[in-house]
1. Modelled with pLDDT of 95 or more, of a type in the set (Asp, Glu) and within 12 Å of the ligand (Cβ to nearest atom): does that describe Glu160?
2. So, in the stretch 8-49, exactly how many residues are in contact (Cβ under 8 Å) with a residue 60 or more places away in the chain, away from the ligand (no atom under 13 Å from the Cβ), open to solvent by 20 Å² or more (accessible area, probe 1.4 Å) and within 18 Å of the chain's Cα centre (by Cα)?
3. Out of all the residues in the stretch 188-195, is one or more more than 10 Å from the ligand (Cβ to nearest atom) and part of a loop (DSSP other than H, G, I, E, B)?
4. Return yes or no: is Val67 surrounded by 22 or more Cβ atoms within 10 Å (Cβ to Cβ) and either of a type in the set (S, T, N, Q) or touching a residue at least 40 places away in the same chain (Cβ under 8 Å) (or both)?
5. Across the stretch 64-77, what is the total count of residues that are assigned to a loop (DSSP other than H, G, I, E, B) and more than 16 Å from the ligand (Cβ to nearest atom)?
6. So how many residues does the stretch 12-47 have that are more than 30 Å from Lys2 (Cβ to Cβ) and either among the acidic types (Asp, Glu) or assigned to a strand (DSSP E or B) (or both)?
Amino acid sequence: MKPLDALPFAYPFDLAHSALLIIDMQRDFIEPGGFGESLGNDVTLLQAIVPAVAQVLDAWRRAGGMVVHTRESHRADLSDCPPAKRLRGSPRLRIGDDGPMGRILVQGEPGNQIIPALAPLAGETVIDKPGKGAFYATPLHALLTQAGISQIVCMGVTTEVCVQTTLREANDRGYDCLLLEDCTESYFPAFKAATLAMVRAQGAIVGWTAHSRDLLAVL
Ligand code: TIU
């Protein structure tokens with residue numbers, strides 16, 4: 001176990017019992033024409049973290065740690081998409097509609113793939129999740145338990161939606177979670193800052209935060 005410089009205090013990092021969890025770094029959120037843009041967001045904000053995420057992923061792979069990627073995605077018949085999720089608000093394109101990268105947030109469509117810079121390698125776990133949290137209606141907890149994982153190092157988008165929901169789900173299941181602050185992003189900078197602050201508040205009530213250089217230093 002190596003102490004990793006983190007907030008609100010050192011994180012007891014143990015690679016053998018850790019998974020790197022990369023949330024929803026998919027074209028639907030990061031490229032124009034996907035779900036993120038259809039909601040009215042500026043997707044260029046999210047593109048800025050790709051080099052830092054790629055650097056951590058590369059170092060983690062070299063160290064031999066477990067890697068898990070997630071995609072927010074639905075079955076082609078939308079049977080796993082609650083009408084409340086599909087019909088809420090007034091996006092330009094709804095989940096399941098045809099867009100420039102195929103059907104929005106539908107499994108197998110071009111827009112639903114993880115961006116090429118972070119493409120999963122053979123043998124890495126990819127979780128398709130119908131919700132914002134990666135534990136809801138997925139085998140993630142069973143897979144991590146079977147692999148002896150008790151710590152989650154988290155990156156991805158968006159900080160206050162799928163990342164925060166997943167961290168809270170993981171925390172309630174007993175994982176020690178570390179969020180890498182320069183490897184997560186929101187369409188709303190104030191929401192990112194608030195999420196980082198609330199994760200580590202009250203003595204790491206949800207988890208820890210650190211800069212990726214502090215993880216790279218111990219990997
Ligand atoms: N809209 C938004 O900020 N995020 C999502 O809908 N999904 C994820 O965060 N992946």
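The values are calculated or read from the model by the stated rules, or taken from the named source; none is laboratory data. Since we're looking at a predicted model, the values are computed, not measured. For neighbour counting, all protein chains shown are included, and Cβ atoms are generated from backbone atoms with ideal geometry for every residue, glycine included. The accessibility values were calculated without ligands, DNA or RNA, using every heavy atom of the protein model including side chains. Shrake-Rupley method; radii C 1.70, N 1.55, O 1.52, S 1.80 Å.
1. Yes, satisfied.
2. Going through the stretch 8-49 one residue at a time, the tally reaches 2.
3. no
4. It is false that Val67 is surrounded by 22 or more Cβ atoms within 10 Å (Cβ to Cβ) and either of a type in the set (S, T, N, Q) or touching a residue at least 40 places away in the same chain (Cβ under 8 Å) (or both).
5. So the count comes out to 5.
6. 5
Residues are listed down the side, and each one gets a yes or a no for (1) open to solvent by 30 Å² or more (accessible area, probe 1.4 Å); (2) under 27 Å from Asp28 (Cβ atoms); (3) free of Cβ contacts under 8 Å to residues at least 60 places away in the same chain:
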position: Val163; (1), (2), (3): no, yes, no
position: Gly174; (1), (2), (3): yes, no, yes
position: Cys177; (1), (2), (3): no, yes, yes
position: Leu180; (1), (2), (3): no, yes, no
position: Thr184; (1), (2), (3): no, yes, no
position: Ala190; (1), (2), (3): yes, yes, yes
position: Met198; (1), (2), (3): yes, yes, yes
position: Trp208; (1), (2), (3): no, no, no
position: Ala217; (1), (2), (3): yes, no, no
